[in-house]
Amino acid sequence: MPYWGWAVPAAAFALLIVALLLPGGALLGFACAAALIGAVFVAVHHAEVVAHKLGEPFGTLVLAIAVTIIEVALILSMMLAGGPETAVLPRDTIFSAVMIICNGVVGICLLLGGLRHYEQLFRLESANAGLATLIALATLSLVLPSFTISAPGPVYTPAQLAFAGVASLVLWGTFVFVQTVRHRDYFLPTGNAADEDVHAQPPSARQAWASFALLLVSLMAVVGLAKVLSPAIERAVAAAGAPKATIGIAIALLVLLPETWAAVRAAYANRLQSSINLAIGSALASIGLTIPVVALAAVVLDRQLALGLGPKDLVMLLLTFIVAAFTLATGRTNIMLGAVHLVLFAAFLFLALVP
């Protein structure tokens with residue numbers, strides 16, 4: 001293992017502890033930003049080591065679940081520390097993650113992969129299974145609360161919230177079973193994959209476990225440093241006169257950096273199947289793991305969650321799923337499909353700033 005493989009996570013985690021104990025300043029803020037970027041690149045390296053040991057689709061699943069679990073812990077801690085204003089936090093975080101992944105990450109992967117390799121292939125069965133599950137999860141969690149009538153506003157009653165949490169966990173668990181056991185072949189790379197790292201000697205079990213531990217440390221540092229930098233982001237948003245919803249988008253962008261970089265690297269190396277596995281798997285984990293946890297917390301703490309999206313966001317979510325149903329319908333991609341998703345991502349960011 002290269003020395004930076006353990007030195008960067010250790011330094012980033014140590015800097016996170018310093019930032020939590022000492023008052024913030026400009027110099028400390030720049031150091032935290034640099035450490036966050038370094039931790040992202042190291043996290044991707046360790047995720048690839050684990051992925052090489054486990055093989056697809058377990059490798060991409062490890063990164064997606066690890067990031068999501070830490071992200072859920074961050075959301076839960078903010079809910080416990082905050083007041084009624086945190087009622088929209090899970091909704092904003094999940095919606096931002098879905099839009100970033102389904103339009104931003106997928107768009108960049110398809111565009112860069114198409115520019116370098118002209119046309120790329122992926123298994124249609126994996127995309128269909130993932131997209132169908134994602135649409136169901138998003139509808140149950142983010143759309144239906146705006147239309148139910150048992151409680152006023154875009155909220156679920158405790159019984160409805162419990163049902164949504166159980167349904168989300170069942171759908172996500174079933175997808176993971178299909179992905180890793182029942183139909184694992186649907187998620188394996190196609191014959192056009194041409195990354196020389198795939199043919200390298202797999203790491204030993206000891207190296208894989210060490211990389212897994214350092215992956216968790218790196219991801220905790222990424223999420224923690226993103227939280228430390230959030231006040232500076234809030235001040236920048238306030239100075240720019242942008243809506244408060246952009247704060248959640250900015251934090252989501254930082255937290256999703258490891259998955260984004262891993263997916264882009266895979267697409268550039270002509271391993272688009274790995275990119276699709278990581279993108280769709282991350283979006284599914286973002287809903288399937290977050291909703292059950294926050295639903296349980298809301299019921300236990302007697303907190304109300306505003307999960308339903310507003311009209312503008314509902315249209316953007318519907319448009320994203322319709323476009324994805326067409327762009328992922330053939331198993332072949334090109335730069336046009338990537339450009340469409342990136343334009344939708346730009347529209348999402350623009351309308352967040354100018355609602």
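FYI, it's all coordinate maths here, none of it is from the lab. Remember, it's a predicted structure, so these values are computed and weren't measured experimentally. Ideal geometry is used to build each Cβ from the backbone, glycine not excepted, and the neighbour counts take in all protein chains shown.
A few remarks follow.
- 25 Å tail of the calculated P(r), the chain, as % of Cα pairs: 53
- Across Glu48, Glu119, Glu85, mean-square fluctuation computed from a Gaussian network of the chain (C-alpha pairs under 10 Å connected) peaks at Glu85.
- Converting the Cα gyration tensor eigenvalues of the range 255-355 into ellipsoid dimensions via √(5λ) gives semi-axes, longest first, of 29, 19, 13 Å.
- With R₀ fixed at 45 Å, the C-beta to C-beta distance from Ala159 to Phe326 puts the FRET efficiency at about 0.75.
- Pairs of alpha carbons in the range 220-308 whose separation is greater than 19 Å (percent): 59
- Hydrophobic long helices, here whole DSSP H runs in the chain with Kyte-Doolittle means of at least 1.0 and Cα atoms spread over 18 Å or more along the helix axis, are found at 4-21, 26-54, 58-81, 124-138, 158-177, 205-240, 272-288, 311-327, 335-353.
- Gaussian network model of the chain, Cα within-10 Å springs - most flexible of Pro231, Pro158, Pro258: Pro231
- Comparing mean-square fluctuations of Asp302, Asp313, Asp185 from a GNM of the chain with C-alpha springs under 10 Å, the top value falls on Asp302.
- Filtered trypsin sites (Lys or Arg not before Pro), the range 216-318: DSSP coil and at most 15 other beta carbons within 10 Å: Lys244
- Point-charge dipole on Cβ atoms (K/R +1, D/E -1) for the chain, about Cα centre, debye to 20: 60
- Kirkwood radius for the range 78-132, taken over all pairs of different Cα atoms as the inverse mean of 1/r, rounds to 14.0 Å.
- Take 25-33, 249-257 and order them by the average number of nearby Cβ atoms within 10 Å per residue, most first; the result is 249-257, 25-33.
- Ranked from largest, the principal axis spans of the Cα set of the range 17-173 equal 51, 51, 29 Å.
- Cut-off under 5 Å, modelled amide H: who pairs with Ala306 long-range: Val88
- More than 12 angstrom apart: percent of Cα pairs within the range 236-278: 64
- Contour minus Cα-Cα distance for Arg184 and Tyr3 (0.36 nm per residue): 61.7 nm
- Gyration tensor over the Cα atoms of the range 148-278: the corresponding equivalent ellipsoid has semi-axes (square roots of 5 times the eigenvalues, largest first) of 34, 26, 16 Å.
- Cross-link reach list, lysines versus Lys244, counting only Cα pairs under 21 Å and skipping chain neighbours closer than eight places: Lys227, Lys312
- All Cα-Cα separations within the range 1-91 were binned at 10 Å from zero, giving a P(r) of 14, 31, 37, 16, 2, each value a whole percent of the pairs.
- Exposure proxy ranking for Thr330, Thr180, based on other Cβ atoms within 10 angstrom of each Cβ and starting from the fewest, stands as Thr330, Thr180.
- In Å, descending, principal axis extents of the Cα set of the range 305-355: 39, 21, 15
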